[in-house]
Amino acid sequence: AIPYSATLAASLNTTNLNWTTNLSNTAWFVQNRVTHDGDGAAQSGPIGHGQQSYLQTTVTGPGTLRFWWKVSSEEGFDWLQCYQDGSSNLLGSISGEAGWEQKTFAIPAGSHTVKWLYLKDATVSDGQDAAWLDEVSWVVAPPTIVGQPLGLTSPAGTDVGLEVLATGALPLTYQWLKGGLNLAGATQSRLALAKAGRRDAGVYAVRVSNPGGSVLSSN
C-alpha cells in the first residue's frame, strides 16, 4: 500500500507540478486501490449532496496536457469535470460508470490553472460516488522562431548585429554559434559585433531553448 507520506505529485506522476485541493475532509487523497498504472492515484474526497471536491495545478504553456480519469457516479447528474481557468472553459466531463479514459488537451501560451472537479447535485447517490485521476503528463512545447536572423554584408569597422525573434513557454535562453561552435558569452536574443572585421566573417546561427526543448535558427 502507498504510505501516508505519499504526495499527490508522486501519485499522479507529476513531480514537476504543484497541486492543491480542498482544505477540509472533502479533499482529494492518495490511494492505491483504484489506479491506472497499478501504483497510486488520486481520489476525490467524500462529499454530500450539492457539494464538490476539487484538485488543481498551474501550468505555463504552450504545452500538451494528458491524463487518465475515471468516475463512478449517478449518470447525468454527478460529474467529474476538467476546467481551464475557471468554469467558463470546460475541457471535458464524464459521468456514470466510466472506466479509465485518457484525455489530451493543448494548452495555450501563458500561465493557466487546470482544475478537476467532482460535484454532486442535490439528491441521489449511485455507484461508488467518487472520481479518480492518474498519470498526469504536462509537456511544454519547444520554442518557435518567428523571426530568423538575417545575413548581411558590412564594411570593416562597422558595428553590426544579428537578431532572432522567438516565442514559447518561459524562460527562453539563447546560445549563438559561429561555424557550428558556441560563442562565449553570446546568450542574448541579439548578437552585437563591435567594429566587425575579417575575424567576424562566417556563418552564424542561434539555438533557442526552454524547458520543452530547443530549436536551431537558420544560418
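The values are calculated or read from the model by the stated rules, or taken from the named source; none is laboratory data. Worth saying up front: this structure is predicted, and the values here are computed from it rather than measured. Backbone-built Cβ (ideal geometry, glycine too); neighbour counts: all protein chains shown. Surface accessibility is based on the protein's heavy atoms, side chains included, excluding ligands, DNA and RNA. Shrake-Rupley method; radii C 1.70, N 1.55, O 1.52, S 1.80 Å.
Give the residues of the stretch 59-103 whose amide nitrogen is closer than 20 Å to a point set 7 Å from the Cα of Gln51 in the direction of its Cβ. Flagged as within label range: 71-75, 77-81, 96. Quick one, which of [x] 16.0, 49; [y] 24.6, 83; [z] 17.1, 54 is the actual Rg and Dmax of the Cα atoms in Å calculated for this model? So the structure-derived entry is [y]. Remark: the stretch 78-176 carries a charge dipole of roughly 360 debye about the Cα centre, counting +1 on each Lys and Arg Cβ and -1 on each Asp and Glu Cβ. Straight Cα distances below 20 angstrom link Lys120 to the lysines Lys70, with same-chain residues fewer than 8 positions distant left out. Across the stretch 176-190, computed HN-Hα scalar couplings (Karplus, 6.51 cos²θ - 1.76 cosθ + 1.60, θ = phi - 60°) run 7, 10, 10, x, x, 10, 4, 8, 4, x, 8, 10, 10, 5, 10 Hz from first to last residue, x flagging Gly and Pro. Probe radius 1.4 Å, ligands and nucleic acids ignored: give me the carbon and sulfur share of the accessible area of the stretch 113-196 as a rounded percent. In the stretch 113-196, the share of accessible area belonging to carbon and sulfur is 58 percent.
Per-residue packing, averaged as other Cβ atoms within 10 Å, sorts the ranges 182-189, 37-44 into the order 37-44, 182-189, beginning with the highest. Basic side chains Lys and Arg get +1 at the Cβ, acidic Asp and Glu get -1 at the Cβ, and with that the dipole of the chain about its Cα centre reaches some 1400 debye.
Using the Karplus relation 6.51 cos²θ - 1.76 cosθ + 1.60 with θ = phi - 60°, the per-residue 3J(HN,Hα) values for the stretch 6-23 come to 4, 9, 4, 4, 5, 5, 8, 6, 9, 6, 8, 10, 9, 10, 10, 8, 3, 8 Hz, with x marking Gly and Pro. Only the Cβ atoms of Lys and Arg (+1) and of Asp and Glu (-1) were treated as charged; on that basis the dipole of the stretch 163-219 about its Cα centre amounts to roughly 220 debye. Projecting the Cα atoms of His49, Ala27, Val203 onto the charge dipole of the chain, computed from C-beta unit charges around the Cα centre, puts Val203 farthest toward the positive end. Computed with a 1.4 Å probe over protein heavy atoms only, the accessible surface of the stretch 1-155 comes to 49 Å² per residue.
So for the chain, taking the charge dipole from beta-carbon charges (+1 Lys/Arg, -1 Asp/Glu), which of Ser72, Leu181, Asn16 sits furthest toward the positive end? Checking the options against the dipole of the chain, the answer is Leu181. Using bins of 10 Å that start at zero, the share of Cα-Cα pairs per bin across the stretch 91-219 amounts to 10, 29, 19, 14, 11, 9, 6, 2, 0, in whole %. The alpha carbon centroids of the stretch 117-155 and the stretch 175-206 are separated by 36 Å.
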